[in-house]
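Just so it is clear, none of the values below were taken in a lab; they were calculated from the coordinates. Please read these numbers as outputs of a predicted model, since none were measured by experiment. Cβ coordinates were reconstructed from backbone atoms using ideal geometry, including for glycine residues, and neighbour counts include every protein chain displayed.
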Amino acid sequence: MTIIKKIKDNFFLATVALIYVIIFIAKPAMGMAAVKSSGYYIKEMLMIMPVIFVLTALLDMWVPKEKIMHYLGKEAKVKGLFLSFVVGSISAGPVYAAFPMCVMLHKKGASLRNIVVILSSWAVIKIPMLLNEMKFLGPKFMAVRWLLTVIAITVFSWIAAQIIRDNDLPKAAPAPSGLHLNKDACIGCRLCVNSYPELFGMEGNKVHPKPYKILDRVKLKNAINACPVKAISYPENEEIDSSDPRQSQ
Ligand code: SF4
C-alpha cells in the first residue's frame, strides 16, 4: 500500500523511471545515452538552481509588492509589457531557472500576461542568444526574427491571459487560521522575521505572512513576544503551547 501511495504521489517521476526501464530493456545503448544526457542536465540544474533560489529569495525580500504591482501588474499595461521584455531579454541561464522567479513575481502581483512575456523572452530572445544568432546567421536574420518573435509573444501572451486565470496557478499554503497581523501598527523592525523566518517575511517595511506547512508554536510564541508594538496576535482559544507543534494540514 505504501509503495502504491508513493507511486501515486510521484506519478510523473514513476512514469519517467518506467520509460527508462523499458528503453534499457529494448535498446540498452539508447538507455545509456538517455541516462548520460539526464545526468548532464541534473548536474547543470544542481549548479544553477541554488543560485536562482537565493536570487529569488533576495528579490522577494527586497522588492516590495507595491513596486511589482506598479511595474508588472495588470495596470502597468505597455510599461509592464516593455519591462517584462527587458527582464526576460537580459536574463541568463536556461528557461527553467525562470520558473521560481516567475512564481515569486506572480505572488507579488505581476500579471499573468507579463509572466508569459518574461518566460517567452527568456526562452527565445535573450541578448546572449541574439548576439550568437547575429554572429552565425547575420544581423538581418537576427533583426527580422527578433521583431517577428516580439510580435508573436505580444499576441500570444494576450491570448494566454484570456485563457489562464490567476486562480488556475497552484496556490500557496494559507497563513495559519486566526493569525492576525496589524500592518498599520507594524514598524518594520524585523524582530518577528528573526524569530520565525519560515512564517514571517517583509513586504517593503511591513510584515507579511509566508506560505507554511507546519506551524511551530514555539517560534510563533517567540515572534509574538518579540514584537514591540504587539502587531501579531493569535486567538486566545488557540493558546500557544511550546511543547505542542501543530500540524496545519
Ligand atoms: S516584530 Fe512587529 S513591528 Fe517588527 S516587523 Fe514584526 S510585526 Fe512588524
Per 5 angstrom bin, beginning at 0 and ending with the bin that holds the maximum distance, the Cα pairs of segment 2-48 fall in percents of 5, 21, 18, 19, 19, 15, 4
Amide H proximity to Leu215 below 5 Å, modelled H, separation 5+ or other chain, gives Arg246, Ser248
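Need one number: the % of Cα-Cα pairs in the chain sitting beyond the 25 Å mark.
Of all Cα-Cα distances in the chain, 61 percent exceed 25 Å.
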Most exposed first, judged by fewest Cβ atoms within 10 angstrom, Asp216, Asp166, Asp184 run Asp184, Asp166, Asp216
Whole-Å distance linking the alpha carbon centroid of segment 131-162 with that of segment 3-77 is 26
A chain fully extended from Ala26 to Asp9 at 0.36 nm per residue, minus the present Cα-Cα distance, gains in nm 3.4 nm
HN-Hα couplings for segment 140-150 via Karplus (6.51, -1.76, 1.60; θ = phi - 60°), in whole Hz with x for Gly/Pro, come out as 5, 4, 4, 5, 5, 5, 4, 4, 5, 5, 4
Between Glu203 and residues 5 or more places away or on another chain, the pairs with built amide H atoms under 5 Å apart involve His208
In the neighbourhood of Arg113 defined by beta carbon distances under 13 Å, the net charge of the other residues (Lys, Arg +1; Asp, Glu -1) is +2
Total charge of the residues flanking Gly88 in space, meaning their Cβ is under 14 Å from its Cβ, with Lys and Arg +1 and Asp and Glu -1, is +2
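What net charge is computed for the residues neighbouring Tyr20, neighbours being all others with C-beta under 15 Å from the C-beta of Tyr20, Lys and Arg scored +1, Asp and Glu -1?
+2
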